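The values are calculated or read from the model by the stated rules, or taken from the named source; none is laboratory data. Source: prediction; values computed, not measured. Ideal geometry is used to build each Cβ from the backbone, glycine not excepted, and the neighbour counts take in all protein chains shown. Heavy atoms of the whole protein, side chains included, go into the accessibility calculation; ligands, DNA and RNA do not. Shrake-Rupley method; radii C 1.70, N 1.55, O 1.52, S 1.80 Å.
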Amino acid sequence: MIRAVFFDIDGTLVSFKTHEVPSSARKALFELHEKGIRLFIATGRAKGGLEVLKDLPFDGYITLNGQFCFDADGNVLYENTIVKEDLEVLLSEIEKDPFPAGFVMRDSKVFNFRDERVDAIHAITHNDNHPAGDVSHVLEESIYQVMSFVDEEREKQLLEKMPHCTSGRWHPLFTDISPIGGTKVRGIDVFLKHHGISLDETMAFGDGGNDFEMLEYVPHSVAMGNAPDFVKAIASYVTDDVDHDGLAAAFRHFGMIGSS
């Protein structure tokens with residue numbers, strides 16, 4: 001029996017085309033909620049990027065790829081920030097060989113500068129239209145994640161110099177650098193313990209590389225039709241994409257909602 005379901009947002013719940021949650025998914029979520037199934041978000045977005053979910057009945061939120069977790073009442077259950085030494089390294093790197101970097105705080109984000117890569121991602125997510133300017137103050141802030149517009153080789157080089165950090169990538173243009181210890185999996189464990197639910201009773205939906213660990217971890221995992229092949233390969237079930245009612249189809253496949 002499934003008692004808890006975790007959802008990525010972009011490309012899973014929310015369409016990259018319409019930037020909304022399809023009506024079929026909304027209907028399914030309310031049906032699951034009425035049955036007493038706990039619903040949770042597990043996203044790379046920050047708290048300020050959740051408006052797209054509107055009135056959907058979620059019980060908790062794993063944000064920033066697991067660095068900041070809070071319940072429906074806003075109570076913080078877990079948080080994890082990048083250590084100052086690693087931030088100093090990153091600031092030095094973007095000064096020597098600049099690339100756009102978005103420093104994510106609890107309620108805001110600031111870029112050192114924006115270029116066409118940042119604008120391209122915002123065009124996809126409608127969630128990255130943040131200001132750019134002086135970022136020296138981030139050393140005095142709690143930084144949960146840094147949206148870093150680098151390729152995989154530069155990403156590897158950065159992580160070698162930032163020993164307390166890891167990274168997650170769902171798009172070729174950028175990776176999210178975050179502190180070791182907070183992941184979507186860690187967030188799942190936090191909420192399962194909080195609600196007294198076992199891992200065996202858990203399902204998760206995702207479509208990107210930053211969902212790989214989560215989908216590999218839960219016993220009932222669903223990859224969206226738009227997911228890359230390496231993500232689909234470890235999923236229990238591959239459904240259609242969000243624009244073709246993939247969530248509702250998966251829930252019907254598992255017998256969790258009625259037929260359409």
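Laid out as a table, the results:
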item	result
Sorted largest first, extent of segment 31-154 alpha carbons per principal axis (Å)	55, 30, 26
Per-selection Rg to Rh, segment 5-100 - Cα, Kirkwood hydrodynamic radius	1.10
Helix-only [θ]222 nm of the chain, DSSP H runs n ≥ 4, -39500 (n - 2.57) each, per residue, nearest 500	-8500 deg cm²/dmol
Highest-MSF residue in the chain out of Asp189, Asp207, Asp243 [GNM, Cα springs under 10 Å]	Asp189
Residue among His244, His195, His19 with the largest mean-square fluctuation in a Gaussian network model of the chain, springs linking Cα atoms under 10 Å	His195
Charge tally in the Cβ shell below 9 Å around Pro219, where Lys, Arg are +1 and Asp, Glu are -1, Pro219 excluded	-2
Equivalent ellipsoid semi-axes, the chain, via Cα gyration tensor eigenvalues times 5, rooted, Å	31, 19, 17
Neighbour net charge for Gly208 - beta-carbon separation under 13 angstrom, K R +1, D E -1	-4
Three-way shape label, segment 98-172, alpha-carbon gyration tensor, a/c 1.5	oblate
Rounded percent of accessible protein surface that carbon and sulfur make up, segment 192-260, 1.4 Å probe	47 percent
Most mobile of Gly196, Gly187, Gly208 in a GNM of the chain (Cα contacts under 10 Å)	Gly196
Long-range Cα-Cα pairs in segment 148-204 (distance over 17 Å), rounded percent	50 percent
Net charge over other residues, Cβ less than 15 angstrom from the Cβ of Glu155 (K, R count +1; D, E count -1)	-3
Stokes-Einstein D in µm²/s, Kirkwood radius over Cα pairs - segment 116-260 at 37 °C with 0.692 mPa s viscosity	189 µm²/s
